[in-house]
Amino acid sequence: MMSTLTANARCVLKILENTGPLTTSQILEYAQSVQYTDICSDCAGGDAFVAAANQLVDRGLVTREFGKGGYRWQLTRK
């Protein structure tokens, strides 16, 4: 399953696994950090992030909720 995800989707998934629910801007900050440079290639851009995050939502791996500060993303509880 993971191998069929884009590199950006794997990046977003890994960040959420390590941190818990985050807003879009928080995820983008993490994606630019040294900790994630090996897996987050170009997720630092807004369009690439949205495409990756929506892929995860479509697969039921992540949920998004709009609230104060924009969208908040979190792993789906299984």
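The values are calculated or read from the model by the stated rules, or taken from the named source; none is laboratory data. What you see is a predicted model; the values in this text were computed from it and never measured. When we count neighbours, we look across all protein chains shown, and the Cβ atoms used for this are built from the backbone with ideal geometry, even at glycine. Remember, those area values only see protein heavy atoms, side chains included, never the ligands or the DNA or RNA. Shrake-Rupley method; radii C 1.70, N 1.55, O 1.52, S 1.80 Å.
For this structure, a couple of remarks:
- Every residue from region 42-55 that is buried (at least 18 other Cβ atoms within 10 Å of the Cβ) and modelled with pLDDT of 80 or more: ALA48, PHE49, ALA52, ALA53, GLN55
- Residues that are acidic (Asp, Glu) and closer than 12 Å to ALA7 by Cβ do not occur anywhere in region 53-73.
- Region 56-69, residues that are of a type outside the set (S, T, N, Q), modelled with pLDDT of 90 or more and in a strand (DSSP E or B): VAL62, ARG64, GLU65, PHE66
- Neighbours by Cβ (under 7 Å, 6+ apart or cross-chain): first from region 53-73, over 15 Å from ILE15 (Cβ atoms); second in a helix (DSSP H, G or I) and among the polar types (S, T, N, Q): GLY70/THR24; GLY70/SER25
- Single unsatisfied condition, ILE39 versus (1) assigned to a helix (DSSP H, G or I); (2) open to solvent by 30 Å² or more (accessible area, probe 1.4 Å); (3) modelled with pLDDT under 95: (1)
- The lone criterion from (1) modelled with pLDDT of 90 or more; (2) of a type in the set (Ser, Thr, Tyr); (3) surrounded by 14 or more Cβ atoms within 10 Å (Cβ to Cβ) left unmet by THR76 is number (3).
- Residue match in region 21-33 (condition: open to solvent by less than 10 Å² (accessible area, probe 1.4 Å), at pLDDT 85 or above and within 11 Å of the chain's Cα centre (by Cα)): yes
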